[in-house]
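Inspection log for the structure reproduced underneath, given as structure tokens.
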Amino acid sequence: MENKGGSQIYLIRHGERADQVINPSRKIEFENDTHLTEEGMNQANQTGQYLRKTIEYERQENRPFDQVIIESSPFLRCLQTASCIAQQIDIKEIKVNFGFREWVPSYIENPLGLLYIDLKTKDDLSKEVGGLRVLIPENYQNDKVSAIKDLKFPETMDEASDRCKYLTQDLIDIYKKSSDQRVMHIIVSHRLLVQEFGIQNGGNNYRFQYCSVSAIEIQQGDQGTRLLVDNEIFYEVDKVDSDEDEFEDDNQNIDGNLV
């Protein structure tokens, strides 16, 4: 039997946020949900190019993916990052997954319900993501208040780490059962979850960089998973990302506000 390889799961951090730079070129409209900088877009595009090369390499090695899925945290910076990646690999839609939302501790106001997707029109959102289709869960659209109540707030870091672990384990279990289909499943999320996903699967890279990637491949049979990428970046940098040493918390911007 031909070994076509297992499905792969990628967790990718968003690109550089506008609230982390001095004098951003575009005005920040919502302090709770800032957009990407031009550099953040560039980081996301280069990450998408890396994924395009990965898809092409697997095809040449006779291990093509049958499907590529892109999901995103509901925060604008993640949706814009997902959009850049999707356009590089010719994917036309992004699924919003609130399970991979930002970790929000008790000392910060809950931003859910106050995000770009909540306060702007569908046309506005479409412009922010290059015209791609954004699929927001029906339960959130139909009863936002109840949907938000179902999402734990506040969370400790350990609880957010466990959330990542449980959600990704569910995906692993699904792809183990559907081994006849090879899927590349891309999830654009936040620093803590991307880092924890790598560590939970054998990684040891604790650096904090924009568009960092952690990825695994689900092995066939009872072989478990294999770490492919350990919280690494795939774009050119002249300096360490601004928040790597200066900011301990991905939830705060220069003024200490939620982003």
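Couple of notes before you dig in:
- Boolean, Gly202 is at pLDDT 95 or above and surrounded by fewer than 19 Cβ atoms within 10 Å (Cβ to Cβ): yes
- Flag for Leu114 being part of a loop (DSSP other than H, G, I, E, B), of a type outside the set (S, T, N, Q) and under 30 Å from Asn42 (Cβ atoms): yes
Yes or no, residue by residue, for (1) in contact with a Gly (Cβ under 9 Å, 6 or more places away or on another chain); (2) of a type in the set (Lys, Arg); (3) under 26 Å from Ile117 (Cβ atoms):
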position: Ile9; (1), (2), (3): no, no, yes
position: Gly15; (1), (2), (3): yes, no, yes
position: Ser25; (1), (2), (3): no, no, yes
position: Phe30; (1), (2), (3): no, no, yes
position: Glu39; (1), (2), (3): yes, no, yes
position: Ala82; (1), (2), (3): no, no, yes
position: Gln87; (1), (2), (3): yes, no, yes
position: Lys95; (1), (2), (3): no, yes, yes
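- Of the residues making up the range 127-139, those that are within 19 Å of Phe98 (Cβ to Cβ) and in a helix (DSSP H, G or I) are Glu128, Glu138, Asn139.
For every residue, the table says whether it meets (1) surrounded by 17 or more Cβ atoms within 10 Å (Cβ to Cβ); (2) closer than 30 Å to Asn62 by Cβ; (3) in contact with a Pro (Cβ under 7 Å, 6 or more places away or on another chain).
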| residue | (1), (2), (3) |
| --- | --- |
| Asp90 | no, yes, no |
| Trp103 | yes, no, no |
| Thr121 | no, no, no |
| Gly131 | no, no, no |
| Lys152 | no, no, no |
| Asp170 | no, yes, no |
| Asp173 | no, yes, no |
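- Boolean, Lys92 is modelled with pLDDT under 95 and basic (Lys, Arg): no
- Single residue of Val194, Val145 found to be out of contact with any strand residue (DSSP E or B) (no Cβ under 6 Å at 6 or more places or on another chain), assigned to a helix (DSSP H, G or I) and closer than 19 Å to Val96 by Cβ: Val145
- Residues within the range 175-189 that are buried (at least 19 other Cβ atoms within 10 Å of the Cβ) and assigned to a helix (DSSP H, G or I), tallied: 1
- Yes/no for Glu155 being in contact (Cβ under 8 Å) with a residue 24 or more places away in the chain, in contact with a His (Cβ under 8 Å, 6 or more places away or on another chain), at negative phi and not β-branched (Val, Ile, Thr): no
- For the range 31-63, residues that are at pLDDT 95 or above, buried (at least 16 other Cβ atoms within 10 Å of the Cβ) and part of a loop (DSSP other than H, G, I, E, B) total 4.
- Pairs with Cβ under 8 Å, 6+ apart, first in the range 218-242 and farther than 30 Å from Asp19 by Cα and in a loop (DSSP other than H, G, I, E, B), second among the basic types (Lys, Arg) and at pLDDT 90 or above: Gln219/Arg226
Residue-by-condition table, conditions (1) farther than 23 Å from Asn42 by Cα; (2) in contact (Cβ under 8 Å) with a residue 60 or more places away in the chain; (3) assigned to a helix (DSSP H, G or I):
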site	(1), (2), (3)
Ser83	no, no, yes
Ser106	yes, no, no
Gln141	yes, no, yes
Leu151	yes, no, no
Leu167	yes, yes, yes
Asp170	yes, no, yes
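The values are calculated or read from the model by the stated rules, or taken from the named source; none is laboratory data. Computed from a prediction, not measured in an experiment: that's the story for all the values here. Please note: Cβ atoms are built from the backbone with ideal geometry, for glycine as well, and neighbour counts cover all protein chains shown.
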